[in-house]
Amino acid sequence: MMRFILLLFFCITGVANVNGSTPAEVPDTMDDRVKACTICHSAEDKVGRDAYYPRIAGKPQGYLFNQMRNFRDGRRYYPPMAILLENMSDEYLLEIAQYFSSLQLPYPDPEQIQMQPEEIKLAEHLIYSGYPERDIPACSACHGDVLMGVEPAIPGLIGLPRAYITAQLGGWRNGGIMRGGKPDCMSEIAKQLTESEVNAVAKWLANQSVSGKPSSFDVLSSELVDRCSQTILENGGAE
Amino acid sequence: MRHSVITTRVIWWKNTILLQVCVRSLAFLVLTMSAQVMAGEPERSDEVDYGAYLTRIGNCMGCHTAKGGQPFAGGRRLSTSFGVFVTSNLTPDKETGIGRWTQQDFWQALHQGKSRDGRLLYPAFPYTEYTKVTRQDADAIFAYLQSLPPVSQSNPPHDIFFPYNSKSLLAVWRTLYFKEGVYESDQSKSEAWNRGAYLVQGLGHCTACHTTRNMLGASQDEALMGGQIMGMNWYAPSLSSHLEAGSGDWEIDEIVALLTTGVTKRAVTSGPMATVVRQSLQYLSQEDALAMAVYLKSLTENETGRLPGVKFSVMSGSLRKHLDLGGQLYQEYCQACHGTDGKGVPGIYPALAGNRSVIMDSPLNVIRSVLNGGYPPTTAGNPRPYGMPPFQQILRNEEVALVVSYIRNAWGNRASLVRALDVDRSKGGDD
């Protein structure tokens, strides 16, 4: 108990010290605290020197929180993110996730990629019906009827460029996004897809305009929740 | 059923998030602690409590936990120039951990560097420092480890290169470089100084990093003279030199703040030191933090060293031009936070003018800070730190070399120039 009191005392004095030394010119805001993030993750998707940086603004906070913890703890492998987040507490990562999730920035216009009618048909079938006989659920079953994601942890699929969607699906097919532990449910699904199916879905999604809102958690079937529980719940797979 | 349980968990989670917004981390700490009490955690004995504290200060978990793995179950790979060492499972699992060990076995490992079966241990496990830990403290650590939930996890064997995998070579190494013995107090010094020395030299195993190692990986001194960290692309600055990280002219409070919060008005911990603060030092009791500070300060207290003076008072035109290129990059990318005068913002963005890690002989750490960026550790005293962007995502090696050369030679700083090759060599070496 004595130690706890000391720790508390330490906290208070420590916080006071840091705050006391804050000159007026550095605003005490999250905007300023996440400058290390926004150099790459700006308002729009951005292609950097040797990497592609997805827009993270407006994504569900549970999704962002889980991804940051996955990077930090080595489940999702990308050293620059792992190094950046190495010494961050869960509490602070949650606050950062919440900050980016709350940003309401305009989405870019949809891409205009030419598609053949049969390609459109294939994409729409995958997105709204899936192929249960191949163990491929409809995208909309998890990402919501309007494909804008499901709170709190499933991201939307609209408003993303084709290159990003193709790269993510490719990463899952090669098992290159998540490491170790149990297989990731998106990885299992992506491995069932053919290359032309990946291309059709990526083109179709990139061609849509953003409208509607993320769905609520109740829309998910218990079967899918079970199958993807490690990805979409708050523990992020770290049971 | 499963669905409703999950929904409840989600609602619970959302509520937690809402709470989090309002109360911030201090209150969060209180909440987590009271939640633990409510969950009815069994009372631990004083010895186990004390052992838990010592285990934190020795940062056993830091090495004996794989990234994202089960705490204390081992499996972390430590790459060195002698091979890859894989840390062992310290949980009390009977088959894969230390569940069958006795107090005496544990003491033999910590104090003599011998495993339960008498096998000599490699000094990647820092028994060269832990040998200074008292029997009483070792027993408390053992009691705590035995109180952990057992985790069944077998870890792969070490993969050590020839000829270092020879047991007889290890025996020779021990004769040459291992001195067994508990810390002996220096009666001419204060109690705090001795407690600090005990922690720094023993359990804290600061020498494991802050030293130059010879070809056989043996630490060259006990004086914390600094050196490249084995198996890592980082330089651990000397704690006994004014030119590097000596703290002889610091106030004790400031040293305590650096150790326990990770930041002070003039310094920020980064790289492996930030990790040590997060995992271990932030939990120091106030007395122990003070004791360590007293000891560390004493290492350079009598040194009247000054920062290196101006080595070349007049810069040649071509040098000036070269540095100006870096200055332009500084203006574009760095100045908004670190200021036109390089003075930064105390406690938030470190000053670069007069900053010893900027002008140290080894440019490794400053290059890595520019390349990787990073956040200071989140600690009770600094729960929401400001961060530095990872500039390797947007700058080329040549540009990083220019800007680092500039900050090493602006505002009265003087240090060697950095080449693109130095930048390239400073990359990698991460897990």
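The values are calculated or read from the model by the stated rules, or taken from the named source; none is laboratory data. Since the model is a prediction, treat every value here as computed from it, not as a measurement. Positions of Cβ are backbone-derived with ideal geometry, glycine not excepted, and every protein chain shown enters the neighbour counts.
Tally up the residues in the stretch B:332-366 that are away from chain A (no Cβ under 14 Å) and part of a helix (DSSP H, G or I), please. Write out each step before concluding.
Pass one, the stretch B:332-366, residues away from chain A (no Cβ under 14 Å): B:342, B:352-364, B:366.
From what's left, part of a helix (DSSP H, G or I): B:356-359, B:364, B:366.
Final tally of qualifying residues: 6.
Is it the case that A:P108 is crowded, with 19+ Cβ neighbours inside 10 Å and assigned to a loop (DSSP other than H, G, I, E, B)? Can you show your working first?
Numbers: crowded, with 19+ Cβ neighbours inside 10 Å: no; assigned to a loop (DSSP other than H, G, I, E, B): yes.
It is false that A:P108 is crowded, with 19+ Cβ neighbours inside 10 Å and assigned to a loop (DSSP other than H, G, I, E, B).
Go through the stretch B:287-318 residue by residue and tally those that are modelled with pLDDT of 90 or more, more than 19 Å from the chain's Cα centre (by Cα) and either among the basic types (K, R) or loosely packed, with under 15 Cβ neighbours inside 10 Å (or both).
Qualifying residue count, the stretch B:287-318: 1.
Restricted to the stretch B:367-393, and to residues that are small (G, A, S) and not in a loop (DSSP other than H, G, I, E, B), which residue is surrounded by the most Cβ atoms within 10 Å (Cβ to Cβ)? Step through it out loud before you land on a result.
Here is the first cut: in the stretch B:367-393, the residues small (G, A, S) are B:369, B:373-374, B:380-381, B:387.
Checking which are not in a loop (DSSP other than H, G, I, E, B) leaves us with B:369, B:374.
On the way: B:S369: 21, B:G374: 25.
Of everything passing the filter in the stretch B:367-393, B:G374 is surrounded by the most Cβ atoms within 10 Å (Cβ to Cβ).
Which count do you get for residues in the stretch B:254-268 that are at the interface with another protein chain (Cβ under 9 Å from one of its Cβ atoms) and either surrounded by fewer than 22 Cβ atoms within 10 Å (Cβ to Cβ) or assigned to a loop (DSSP other than H, G, I, E, B) (or both)? Break it down into steps so the answer makes sense when it comes.
Taking the stretch B:254-268 as the starting set, the residues that turn out to be at the interface with another protein chain (Cβ under 9 Å from one of its Cβ atoms) are B:257, B:260-265.
Checking which are either surrounded by fewer than 22 Cβ atoms within 10 Å (Cβ to Cβ) or assigned to a loop (DSSP other than H, G, I, E, B) (or both) leaves us with B:262, B:264-265.
Of the residues in the stretch B:254-268, 3 are at the interface with another protein chain (Cβ under 9 Å from one of its Cβ atoms) and either surrounded by fewer than 22 Cβ atoms within 10 Å (Cβ to Cβ) or assigned to a loop (DSSP other than H, G, I, E, B) (or both).
From the set of residues in the stretch B:221-237 that are part of a loop (DSSP other than H, G, I, E, B) and small (G, A, S), which is farthest from the chain's Cα centre (by Cα)? Let's see the steps before the verdict.
To start, the set of residues in the stretch B:221-237 that are part of a loop (DSSP other than H, G, I, E, B) comprises B:221-226, B:229-234, B:237.
From what is left, the residues that are small (G, A, S) are B:223, B:226, B:231.
Details: B:A223: 17, B:G226: 13, B:G231: 14 Å.
Checked the stretch B:221-237; the qualifying residue farthest from the chain's Cα centre (by Cα) is B:A223.
Looking at (1) touching a residue at least 40 places away in the same chain (Cβ under 8 Å); (2) away from chain A (no Cβ under 14 Å); (3) aliphatic (A, V, I, L, M); (4) under 25 Å from B:D288 (Cα atoms), find the lone condition where B:L110 falls short.
(1)
Please name all residue pairs, on different chains or six or more residues apart, with Cβ atoms under 9 Å, provided the first residue is in the stretch A:29-40 and is facing chain B (nearest Cβ under 7 Å) and over 13 Å from B:R384 (Cα atoms) and the second residue is among the aromatic types (F, W, Y) and assigned to a helix (DSSP H, G or I).
From the stretch A:29-40, the pairs are A:I39/B:Y333; A:I39/B:F391.
What do you reckon, is A:A36 aliphatic (A, V, I, L, M), at pLDDT 95 or above and farther than 28 Å from A:G175 by Cβ? Full working, then the answer.
On the way: aliphatic (A, V, I, L, M): yes; at pLDDT 95 or above: yes; farther than 28 Å from A:G175 by Cβ: yes.
Here the answer is yes, as A:A36 does meet what is asked.
Taking interchain pairs and intrachain pairs at least six residues apart, which have beta carbon atoms under 6 angstrom, with the first residue in the stretch A:106-121 and within 12 Å of A:K203 (Cα to Cα) and among the hydrophobic types (A, V, I, L, M, F, W, C) and the second part of a loop (DSSP other than H, G, I, E, B) and modelled with pLDDT of 90 or more?
A:I113/A:N207
I'd like the residue in the stretch A:72-92 that is more than 7 Å from every other protein chain (Cβ to nearest Cβ) and assigned to a loop (DSSP other than H, G, I, E, B) and, out of all such residues, is farthest from B:G428 (Cα to Cα).
Quick first cut of the stretch A:72-92, residues more than 7 Å from every other protein chain (Cβ to nearest Cβ) only: A:72, A:76-78, A:81-82, A:85, A:90.
Filter again for assigned to a loop (DSSP other than H, G, I, E, B), leaving A:77-78.
Numbers: A:Y77: 14, A:Y78: 12 Å.
Result: A:Y77.
Determine the pairs where a residue that is at positive phi, located within the stretch B:345-372, has a partner that is part of a helix (DSSP H, G or I) with Cβ atoms under 8 Å apart, the partner being 6 or more residues away or on another chain.
Pairs found: B:G347/A:N17; B:G347/A:V18.
Do we have B:L90 as outside any loop (DSSP other than H, G, I, E, B) and among the aliphatic types (A, V, I, L, M) here? Write out each step before concluding.
Working: outside any loop (DSSP other than H, G, I, E, B): no; among the aliphatic types (A, V, I, L, M): yes.
So B:L90 fails the test.
Sort out which residues of the stretch B:93-120 are in contact with a Gly (Cβ under 9 Å, 6 or more places away or on another chain), closer than 22 Å to B:A66 by Cα and surrounded by fewer than 19 Cβ atoms within 10 Å (Cβ to Cβ), and write them in order of number.
Hit for the stretch B:93-120 is B:T96, nothing else.
Consider B:S240 against the criteria (1) assigned to a loop (DSSP other than H, G, I, E, B); (2) at the interface with chain A (Cβ under 10 Å from one of its Cβ atoms): it satisfies all of them except one. Which criterion is unmet?
Looking at each condition in turn, B:S240 falls short on (2).
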